[in-house]
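These notes concern the structure reproduced below.
Since every read-out is calculated from the coordinates, none of them should be taken as a lab result. It should be emphasised that the depicted structure is a prediction, and the values quoted were computed from it without experimental measurement. Methodologically, a virtual Cβ is constructed for each residue, glycine included, from the backbone with ideal geometry; neighbour enumeration extends over all protein chains shown.
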């Protein structure tokens, strides 16, 4: 893939990015009315507060769901209990009904049969029964005897009528129980379905809560992570940024400390050469150098770092006056700490001035230097970059007298830097290999203090290429004022997040960049 900085490239419109990218979580958020997490603000605390609020909302919703589930389950339990009772009642009623029928068939019917056989049919088999009664009641007249059996017949008929009433009552009660069973049987699936829906909603909030807490852990970690690298390495974030101006001509190489810097800016200077501004914060380098002079570009580059320290070899009067008027604190060789600098016999002057980051930080103690601010948004290494990211093998930058290349190395997961066709190595022999590379298309114009010295225009906006993880994203850099942070935005206007690690920023002139 080849693209030049001055060419407008077609890209698909990036999908608006949010922290929680899992589709099911997004669906659950929409379903439950939980507010989504928008793009990451410049200060991580804002994200932590927003995520904590979202967590609280989800927990409150879960409490509501738990209460609703408890009520729904109680309704199911009551319906199931009522169904069991109705079914048991049905069994008992059917047994009673059978018993009543049995009594009707064997008792009342037998009595009626007895009376009918004696008085209607004159069945002689009844004589024994009659004789038994006559023995007990010898004086009973036949008329009385007939009356006695008439009474027996009447009682038998009444008994049969009573059994019919019992049967009717039992049938009515059984019908009522059968109707209740039908009602409960139809009701239970509805009640159980309501419980299932509520439990599914609760499960969905569990998924959302897990994702939110996972993101919250990451955002909270960003509050303690090193401001310039995003690494969780115990860096003291109250320490100020120490910027060191480092030479980059052939006679100055190999340099010392460039692989220990958290961030390195590469800027164009006179003669189409480049110099480096190394930002030290999480680590230092003893020694560091070769250290060279200040340019007005440095004042503008560093103004938004909350009063950083700047190690340098001095500069022309106009530049030094601009430095003193800026929020950048001078700890250079022309300041009262000159004794903290030394010349190395291994290189020719003026490319042999060195110091140590330990001495330069010590020199800044008691000054108005502030704690390092966050420069970038960092993404989790286990998350895809997304958006309009495209695979890349690297980038070439032609400054004129200095040709720079970065090439992606999948083994180390870094971009290997070369200069003039050779690997760019430090004094320890290690090749420069940042985790991230930002190519910020930057205009230059002559500084008012020296017409031959270009000054980087780092306020305003312009095109940017951001490289990380073997991919590149194209967007816009934007800086709204001298002390405002530089924001790197994708085509949808969202922050382009870097991977935790070191970053080199090329302030490349228009037309100098080829993306591979």
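For the range 222-347, the fraction of C-alpha pairs farther apart than 19 angstrom is 48 percent.
Given Cα pairs under 8 Å that are at least 6 residues apart, what percent is the relative contact order of the range 307-429?
15 percent
Inter-label distance, residue 321 to residue 251: 2.9 nm, where each label sits 7 Å from its Cα along the C-beta direction. Stretching residue 358 away from residue 197 to a fully extended chain increases their span by 51.7 nm, per 0.36 nm per residue minus the current alpha-carbon distance. The convex hull drawn around the Cα atoms of the range 376-516, when projected onto a plane and averaged over every direction, covers 9.7 nm².
Counting neighbouring beta carbons within 10 Å and listing from fewest to most, the residues 256, 442, 357 come out as 256, 357, 442. The peptide list 510-516, 296-302, 366-372, put in order of mean Cβ contacts within 10 Å with the highest first, becomes 296-302, 510-516, 366-372. Label sites at residue 272 and residue 343, each approximated as a point 7 angstrom past Cα along Cα to Cβ, lie 3.3 nm apart. Look at the Cα gyration tensor of the range 423-502: its axes a ≥ b ≥ c give a/c of at least 1.5 with a/b at or below b/c, and that counts as oblate.
Any idea what diffusion coefficient the range 307-376 gets from Stokes-Einstein, in µm²/s, Kirkwood Rh on alpha carbon pairs, 4 °C, 1.567 mPa s? Rounded to a whole number, D works out at 98 µm²/s.
In terms of packing, defined here as the mean over residues of other Cβ atoms within 10 angstrom, the peptides 308-320, 280-292 line up highest first as 280-292, 308-320.
Take the Cβ atoms of residue 380 and residue 476, set R0 to 25 Å, and the FRET efficiency comes out at 0.60. Ordering 47, 346, 164 from the fewest to the most neighbouring beta carbons within 10 Å gives 346, 164, 47. Our summary of shape: the Cα atoms of the range 242-515 have principal axis extents of 50, 39, 36 Å, ordered from largest down, in whole angstrom.
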